[in-house]
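Notes follow once the structure below has been shown.
The values are calculated or read from the model by the stated rules, or taken from the named source; none is laboratory data. What you are looking at is a predicted structure, and each value in this text was computed from that prediction instead of being measured. Neighbour counts are summed over all protein chains in view; Cβ atoms, including those assigned to glycine, are modelled from backbone coordinates with ideal geometry.
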Amino acid sequence: MKRFASICLFAVSVLLVPVISSAGNSECTYKLLAGTVYAAGFEYNYDENIYMTRHHALQRKFGYNNIYDKCAAPLGMVIDVEPVRFEYDGQRYMVELWKGQYFSAIGAEIGFYVGTKLNIAGEDHYRCADTEEELDIAFTMKNQGVPEYSVSGRHWWLTGFKPGVFARPDQLTLEDIEITFHSQGMAEAFAEALYRLGYSDAGDRVWCEGRTVGFVFSTPRNPQPWDQDKLDIVLAANRVRVDVVLDIQASLGFENFSPESIAEALSRDFWSGMHLYNQLKKIVAD
């Protein structure tokens, strides 16, 4: 908790520099916030009030392997992971799904990856799909049956992260998932991979029509990289982090978690930023 508050304190200290130097002007603060979000590979979706990954995010250069999932919990992410590996026309592919609590936000991801000959620390390495290989993907995130947001688009890594909300991974479901592949044969190969994992037409609403496969992601079928008792510790810390984020939102009065809204709140006057700084400083001291 103190480590998290210390990071927030440092971040706010950095943000206060432009706020102080341009008191009453939110443009400078907005550019700093938006630039940081962009550099991290994300953008804000104002229609759904969520953060999403950009097409040309830096992460695209690094590909994927299971080591990333094994590192999730120590980094504050308690998530269900579901890699679906399949082969078509002599090429290995993988669609991976994630859902859960990402630090102080709930979130979900669907990524499309292409097999390579690389093996890193005993794990098969996949590259991120190129632009011409991207798939049309859509899903709705539900929290205990209540829709949180819906996203869709042609992408290699379609995501949605909603700050200030807490939920256990088993309380979240991805519904109305639709993935459109490049051919009917490729779609059928993916659907067969779902069936091999234990997905069913009745329980998981799996269907395949032409080039499109639909299903629901609720309970992962693959072995998970962390034991639940260890994840509960991280979840407890994340619940506190969500409370801190909501307290900050209430204190500063920003409408949503967009860079624009936060910048306006921080730059409303000098003292609003100082209030946040002093609040976090008090948390660190406790």
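The table that follows gives values for the structure above.
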{"read-out": "Enumeration of residues in region 111-127 that are within 23 Å of the chain's Cα centre (by Cα) and among the basic types (Lys, Arg)", "value": "Arg127"}
{"read-out": "Failed condition for Gly153, given (1) over 20 Å from Val213 (Cα atoms); (2) of a type in the set (Gly, Ala, Ser); (3) not in a loop (DSSP other than H, G, I, E, B)", "value": "(1)"}
{"read-out": "Residue match in region 142-149 (condition: surrounded by 15 or more Cβ atoms within 10 Å (Cβ to Cβ), of a type in the set (Ser, Thr, Tyr), at pLDDT 95 or above and farther than 30 Å from Arg241 by Cα)", "value": "no"}
{"read-out": "Residue that is surrounded by the fewest Cβ atoms within 10 Å (Cβ to Cβ), among those in region 169-216 that are among the small types (Gly, Ala, Ser) and either at pLDDT below 95 or farther than 15 Å from Leu97 by Cβ (or both)", "value": "Ala202"}
{"read-out": "Those helices (runs of 4 or more DSSP H) lying entirely in region 170-279 with at least 3 residues closer than 30 Å to Thr131 by Cβ", "value": "184-197"}
{"read-out": "Condition met for Thr29 (in contact (Cβ under 8 Å) with a residue 40 or more places away in the chain, in contact with a helix residue (DSSP H, G or I) (Cβ under 6 Å, 6 or more places away or on another chain) and polar (S, T, N, Q))", "value": "yes"}
{"read-out": "Filter result (free of Cβ contacts under 8 Å to residues at least 24 places away in the same chain and either farther than 17 Å from Glu109 by Cβ or β-branched (Val, Ile, Thr) (or both)) within region 37-55", "value": "Tyr38, Ala39, Asp47"}
{"read-out": "Scan of region 170-205 for residues that are in contact with a helix residue (DSSP H, G or I) (Cβ under 8 Å, 6 or more places away or on another chain) and over 22 Å from Ile79 (Cβ atoms), ordered by number", "value": "Thr180, Phe181, His182"}
{"read-out": "Some residue of region 149-162 being in the same structural domain as Gly100 (by TED's automatic domain parsing) and more than 18 Å from the chain's Cα centre (by Cα)", "value": "no"}
{"read-out": "Residues within region 24-77 that are part of a helix (DSSP H, G or I), closer than 20 Å to Leu97 by Cα and of a type in the set (S, T, N, Q), tallied", "value": "2"}
{"read-out": "Selection count, region 117-141, where residues are polar (S, T, N, Q) and buried (at least 18 other Cβ atoms within 10 Å of the Cβ)", "value": "1"}
